[in-house]
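These notes concern the structure reproduced below.
The values are calculated or read from the model by the stated rules, or taken from the named source; none is laboratory data. Owing to the predicted nature of the structure, the values given are computational and were not obtained by experimental measurement. No Cβ is skipped: glycine too gets one built from the backbone with ideal geometry, and neighbour counts run over all protein chains shown.
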């Protein structure tokens with residue numbers, strides 16, 4: 001797949017990327033892709049590690065209103081090293097509504113938003129995260145996957161760059177769609193303050 005990203009009216013093109021058992025690599029240039037999410041800056045970046053360690057994608061996000069934390073039911077965004085465990089929603093229309101990781105058959109509209117003003121909308125695509133650090137974000141009462149922590153789409157009317165979510169990492173659709181195409185199951189995600 002050739003990656004061409006459009007974010008904030010800028011186009012960034014990359015090379016051919018393929019998945020393998022150890023992560024997501026650009027075999028042509030011997031690079032590894034990794035996602036880094038900064039809680040303090042409210043930014044998601046995809047970095048290619050290898051020859052030049054460059055940023056190939058960057059977008060503003062919204063993480064947890066309750067701040068950083070790993071405990072179940074805390075509504076905090078978990079820190080540490082994770083991986084993408086599942087990619088959900090490929091090929092579905094923009095603004096597809098998900099409940100329990102399943103598309104409802106509806107697409108988000110302002111009218112639905114007005115009808116359900118308190119709903120935490122999960123839209124367009126879901127990247128389900130799984131912790132990789134036992135005792136910090138994996139297993140027991142700190143398990144990121146069991147907490148249903150995702151990177152997911154949200155209404156474009158919601159602000160980015162401010163911590164307002166219930167624990168997940170929210171992205172606007174215009175950023176989520178190219179990001180979703182860039183990452184694969186197994187891609188590492190480092191969430192840090």
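Scanning the range 126-141 for residues being touching a residue at least 12 places away in the same chain (Cβ under 8 Å) and either outside any strand (DSSP E or B) or under 18 Å from residue 166 (Cβ atoms) (or both) gives a total of 10.
Residues in the range 143-183 that are under 11 Å from the mean Cα position of the chain (by Cα), more than 11 Å from residue 63 (Cβ to Cβ) and assigned to a loop (DSSP other than H, G, I, E, B): 183 only. Scanning the range 4-62 for residues that are at pLDDT below 50, outside any strand (DSSP E or B) and within 19 Å of residue 154 (Cα to Cα) yields one hit, 8. Selection of first residues in the range 161-176 that are surrounded by 21 or more Cβ atoms within 10 Å (Cβ to Cβ) and of second residues that are part of a strand (DSSP E or B) and modelled with pLDDT under 95, restricted to Cβ pairs under 6 Å at least 6 apart or on distinct chains, gives the following pairs, ordered by first then second residue: 175/7. Consider the range 94-109 and keep the residues that are under 14 Å from residue 155 (Cα atoms) and in contact (Cβ under 8 Å) with a residue 24 or more places away in the chain. The one that is surrounded by the fewest Cβ atoms within 10 Å (Cβ to Cβ) is 94.
Please verify whether the range 57-73 includes one or more residues that are under 18 Å from residue 177 (Cα atoms), surrounded by 15 or more Cβ atoms within 10 Å (Cβ to Cβ) and without any contact (Cβ under 8 Å) to a residue 60 or more places away in the chain. Yes, that holds for at least one residue.
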